[in-house]
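Take a look at the structure below.
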C-alpha cells in the first residue's frame, strides 16, 4: 500500500522508525511519553516533509472496525501557519475513507482554542468530553492560554 503523497512541495510518508526528531514533535503535542509510546506501538505514524525537512507528524490508531482516531498531530513551530496541519487532517480523512472507516476522531484539550478552531473548520464536531483527563493522566498540571487544562474534548467527523 503506497501511503506517500506529494502536494505543494510537501511529502507525507509512513514512518517506519521513530527518530529523536519525530519524538521532539510528538512530545510537543503530548507531553506524556508513556501515552505516546503506547499509541505509537498500536498506531500508524506519518510524517510530512517540506523540502526534505521534517515539518509535522501524525499518529493514527484504529479504535474499532468502524472508527479511526488521530492520536497525535504536531507541526514544527518553524512550519506553523502554513496549512500543514490542515493537509495532514485531510490526509487522515482520505486514509480513513480508503480503509472503509465510518468515523475519524481526534481529542484535544478544552483550552486548546487554536486546535479546536482548526478541527471544526475541517468538519469535526465535538462528540464527547473526557472529564479530568489531563489531571488524571499527566504528572504536572498543564496551563494553556492562561487556563488550567482539565478536560479532553473528543471531536468526530463522519466519513
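Bear in mind these aren't lab numbers, they're just calculated from the coordinates by the rules spelled out. What you see is a predicted model; the values in this text were computed from it and never measured. Using ideal geometry, Cβ is built from the backbone for each residue, glycine included, and neighbour counts are taken over all protein chains shown.
In table form, for the structure just shown:
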quantity	calculated
Rg and Dmax [Cα atoms of the range 19-72; Å; Rg one decimal, Dmax integer]	11.6, 36
Over the chain, relative contact order from alpha-carbon pairs under 8 Å, at least 6 apart, %	17
Structure-based [θ]222 nm, the chain - -39500 (n - 2.57) summed over DSSP H runs of at least 4, per residue, nearest 500	-9000 deg cm²/dmol
Diffusion coefficient, µm² s⁻¹, Stokes-Einstein with Kirkwood Rh over alpha-carbon pairs of the range 59-110 at 4 °C and 1.567 mPa s	110
Ordering of 118-126, 105-113 by burial proxy (mean other Cβ atoms within 10 Å per residue, highest first)	105-113, 118-126
Share of alpha-carbon pairs per 5 Å distance bin for the range 5-139, given as whole %	2, 9, 20, 24, 23, 15, 5, 1, 0
Mean Cβ count within 10 Å, highest first, over the residues of peptides 55-62, 147-154, 17-24	55-62, 147-154, 17-24
Length released on extending from residue 23 to residue 53, taking residue separation times 0.36 nm less the Cα-Cα span	9.3 nm
Net length gained if the chain between residue 65 and residue 127 were fully extended (0.36 nm per residue, minus Cα distance)	20.5 nm
Calculated FRET value between residue 147 and residue 90, using beta carbons and R₀ = 22 Å, to 0.05	0.15
138, 39 arranged by Cβ crowding within 10 Å, fewest neighbours leading	138, 39
Theoretical gain in end-to-end length, residue 41 to residue 81 [0.36 nm per residue, Cα-Cα removed]	11.4 nm
Shape of the range 75-139, Cα gyration tensor, a/c cut at 1.5	oblate
